[in-house]
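S.K.: Take this structure first; my questions come after.
The values are calculated or read from the model by the stated rules, or taken from the named source; none is laboratory data. A quick note: this is a predicted structure, and the numbers were derived from the prediction, not measured. Note that we place each Cβ from the backbone using ideal geometry, even for glycine, and neighbour counts take in every protein chain shown. To get the accessible areas, we keep the full protein, side chains included, count just its heavy atoms, and leave off ligands, DNA and RNA. Shrake-Rupley method; radii C 1.70, N 1.55, O 1.52, S 1.80 Å.
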Amino acid sequence: MKQILVLLFAVVSFSCSQAQKNSFSKEALLETLLATDGNQVPFKDILKKHKGQTLVIEVWASWCGDCVKAMPKIKELQANNPHVDYVFISMDKTADKWKEGIAKHELKGDHFMANDQMKGVFGKAIDLDWIPRYIIIDKTGKIVIYRAIETDFEKINTELKKLEAGS
């Protein structure tokens, strides 16, 4: 009986950790990210700038093979959804590599870099376990997709079309 309860607890805990969230934690909102101009910007201010717009956040890194492989898909997503804002948050180790990645892949949108990579405060605050990671936020600021990865572009595109139709 005790083993069954432990197993049940483990399953429930895992399910909750993977659950869809509709808002960011206080830790995530207060964490600062490095902007391309060298300033530190609280994540809540980045979100505030895009309030009233549908927003796609891509968490990526220039060293990430899956991220690079997904670049044509994100560009296609941007071309098919011009009404959507895009924010790219890098998990690179250095600002130089991050900025080189932006230029090399010609990424259009707002750019920020986490100060302490994937396992740091921001990464933990958004439950980051894989990159590229996509988060979709509607015009009211509610998270509609909390965790999508590079194989979920059809799901992301469908959700963006639904959000556009609903406006």
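S.K.: Using the structure shown, decide if Glu159 is of a type in the set (Asp, Glu), closer than 26 Å to Ser25 by Cα and in contact with a strand residue (DSSP E or B) (Cβ under 6 Å, 6 or more places away or on another chain).
M.R.: Yes; evaluated as a whole, the condition is true for this residue.
S.K.: Scanning the stretch 50-87 for residues that are small (Gly, Ala, Ser) and within 19 Å of Glu159 (Cβ to Cβ), which turns out least open to solvent (accessible area, probe 1.4 Å)?
M.R.: Filtering the stretch 50-87 for residues that are small (Gly, Ala, Ser) and within 19 Å of Glu159 (Cβ to Cβ), the one least open to solvent (accessible area, probe 1.4 Å) comes out as Ala70.
S.K.: Name the single residue that is modelled with the lowest pLDDT among those in the stretch 11-49 being surrounded by 14 or more Cβ atoms within 10 Å (Cβ to Cβ) and of a type in the set (Phe, Trp, Tyr).
M.R.: Phe24
S.K.: Then there is this: Name the residue that is farthest from Thr151 (Cα to Cα), counting only residues in the stretch 26-77 that are among the aromatic types (Phe, Trp, Tyr) and touching a residue at least 60 places away in the same chain (Cβ under 8 Å).
M.R.: Phe43
S.K.: Might you check whether a residue that is in a strand (DSSP E or B), in contact with a Phe, Trp or Tyr (Cβ under 7 Å, 6 or more places away or on another chain) and surrounded by 16 or more Cβ atoms within 10 Å (Cβ to Cβ) occurs anywhere in the stretch 148-160?
M.R.: yes
S.K.: Specify the residue that is farthest from Asp66 (Cα to Cα); the eligible residues are those in the stretch 125-134 that are surrounded by fewer than 21 Cβ atoms within 10 Å (Cβ to Cβ) and of a type outside the set (Phe, Trp, Tyr).
M.R.: That would be Ala125.
S.K.: For Ser90, work out the one condition from (1) over 15 Å from Ala28 (Cβ atoms); (2) surrounded by fewer than 18 Cβ atoms within 10 Å (Cβ to Cβ); (3) among the polar types (S, T, N, Q) it doesn't fulfil.
M.R.: With (1) over 15 Å from Ala28 (Cβ atoms); (2) surrounded by fewer than 18 Cβ atoms within 10 Å (Cβ to Cβ); (3) among the polar types (S, T, N, Q) applied to Ser90, the lone miss is (2).
S.K.: Separate question: Would a scan of the stretch 98-105 turn up a residue that is farther than 26 Å from Lys26 by Cβ, more than 12 Å from the chain's Cα centre (by Cα), among the hydrophobic types (A, V, I, L, M, F, W, C) and surrounded by fewer than 16 Cβ atoms within 10 Å (Cβ to Cβ)?
M.R.: Checking the stretch 98-105: at least one residue is farther than 26 Å from Lys26 by Cβ, more than 12 Å from the chain's Cα centre (by Cα), among the hydrophobic types (A, V, I, L, M, F, W, C) and surrounded by fewer than 16 Cβ atoms within 10 Å (Cβ to Cβ).
S.K.: Do we have Tyr134 as within 18 Å of Tyr146 (Cβ to Cβ) and touching a residue at least 40 places away in the same chain (Cβ under 8 Å) here?
M.R.: Yes: the conditions hold for Tyr134.
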